[in-house]
Structures are given as structure tokens and as C-alpha cells.
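Below is one structure, written out as C-alpha cells; the observations come after it.
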Amino acid sequence: ETCKLDAQPKDSSYCKATDVTAVVFETKVQLFKGGAALCSADLPDASSCAVSPDGSQVAVGTKSGKIFTFAVQAGGGALAKGGKALERHRGEVTAMAYSYDGASLASGDSNREVLVWDTSTQEVKKSRMVYHSSKITCLSWSPDNGTLCSGSVDSNVILWPMDLPTSKRTTLALAHKEGVRGVAFVGEKTVCSVGSDAVCKIWRRTA
């Protein structure tokens, strides 16, 4: 199935539960299903997005560093903007990912910082994740929601255990020398990463 887009997309996120894809453009976020557009909402300077696992919410990051949440209504027929913006980032929000249980939203920015938000309170519940040296490009949660994986232009992949201090992180240094473009957990202890070096790597944790 294909769908003609109105403009160059900035980011996209797919929800398996509802078969809906959110696509972010520079001035709006739009939902698609089965090759057809469902609805859209205007948002200037949009830069990244993520759909919650149950498809009920879409988070959209912006160049200003703010994150806005939208409730998906009428089976995807409408988007209702939440009243409170999530504000903590000091740079453009470049990557986001919901945990599998929907309780957490991870976000990364152009200023190398990763944050984890509590989706019920919309407050930051884990911070000081600033051990990359360049823009965050990708994020992925482990299936048990216990570990967050981040990739960056700095060539490194970092694994962040949620129940331990950030000093207990695991860094896969120089995972991709030209920069990390994507990361994904493919099991509790297995991570796949791809980079600008045109290489795909599989990493397995032994502990």
C-alpha cells in the first residue's frame, strides 16, 4: 500500500495494535492507515514522533525542545492536543520511543541528552543521561521495559538500566564509525544496530 504525501516527512512511528502510522512534517502530524490519510493536526517546527503501544496517544517533538501529546480519538479520525507541553530539553527533540507498557516515554535531543518521562504524570522520572557526545538519533526499549538503548551521531550505542544509576550504563563504543542511525531490541538481551557505515550489527548481552 502506498500513499502520496503532501511534503517531505521528518519522522514516522507505527502502532501494531491499531495498524496506524503517525507521520511528522515540519508543520503538522498526520495519521495514516491502509494507505489512506485519517486526520492531521497542525504543529509548527515538528521534528520527531512516537505512537503509544495501544495507539491512544501520539507524542510529537519539536525543534524548540518541547514535546506535545495528542489523544487519538474516534478510531484515528481525530487528534486532540493535550494542554501541557513537556519542557526540559535544551535542543531539538530528535528521537522518541514509548516503553512497551506505555508507562514511559523516552526522548533524545540534538544537545546529546536523553530523558525518560512518566506518561501518567508527564514529569521526568529519569535524567542525567548525558553520556553521548553528539545528537541522539534513535531510541529503543527492551521488551520488559527495564532497559533503554540509545544511538548517536557520536558512533556509540548506550544501554541504560532503568533501575540503576546512569553510572551503571553499558557503552558500545564506536559501534558504527560514521554514526548510529537505528537501534532495536530483538529480545531481552539482544540489540540490533545500523549505522551510516552501511553495517548492521547484532549485540548480545551475556549478563
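The values are calculated or read from the model by the stated rules, or taken from the named source; none is laboratory data. In this text the structure is predicted, and so the values were computed from the model without any measurement. Here the Cβ positions follow ideal geometry from the backbone for every residue, glycine too, while neighbour counts run over all protein chains shown. Heads up: the accessible areas ignore ligands, DNA and RNA and are worked out on the full protein's heavy atoms, side chains in. Shrake-Rupley method; radii C 1.70, N 1.55, O 1.52, S 1.80 Å.
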Residues in segment 134-147: is at least one part of a strand (DSSP E or B) and at positive phi? no
Quick check on my filter: what residues within segment 125-143 are surrounded by fewer than 16 Cβ atoms within 10 Å (Cβ to Cβ) and not basic (Lys, Arg)? Ser127, Val130, Ser133, Ser134, Pro143
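With respect to Ser155, determine if the residue is touching a Lys or Arg at 6+ places or on another chain (Cβ under 6 Å) and either open to solvent by 20 Å² or more (accessible area, probe 1.4 Å) or farther than 16 Å from Gly61 by Cβ (or both).
Here the answer is yes, as Ser155 does meet what is asked.
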Selected residue [among the aliphatic types (A, V, I, L, M) and in contact (Cβ under 8 Å) with a residue 40 or more places away in the chain] from Val114, Val186, Val124: Val114
Restricting segment 1-18 to residues that are among the acidic types (Asp, Glu) and at pLDDT below 95, which is least open to solvent (accessible area, probe 1.4 Å)? Asp6
Considering only residues that are within 20 Å of the chain's Cα centre (by Cα) and assigned to a loop (DSSP other than H, G, I, E, B), look in segment 164-188 and name the one that is nearest to Ser134 (Cα to Cα). Gly179
Subset of segment 71-117 (residues that are open to solvent by less than 40 Å² (accessible area, probe 1.4 Å) and acidic (Asp, Glu)): Asp109, Glu113
On the given criteria, is Ser56 hydroxyl-bearing (Ser, Thr, Tyr) and either in contact with a Pro (Cβ under 9 Å, 6 or more places away or on another chain) or more than 17 Å from Lys125 (Cα to Cα) (or both)? yes
Find the strands (runs of 3 or more DSSP E) located wholly in segment 1-78 whose residues include 1 or more that are touching a Lys or Arg at 6+ places or on another chain (Cβ under 6 Å) and of a type outside the set (A, V, I, L, M), and list them. 36-42, 46-51, 66-73
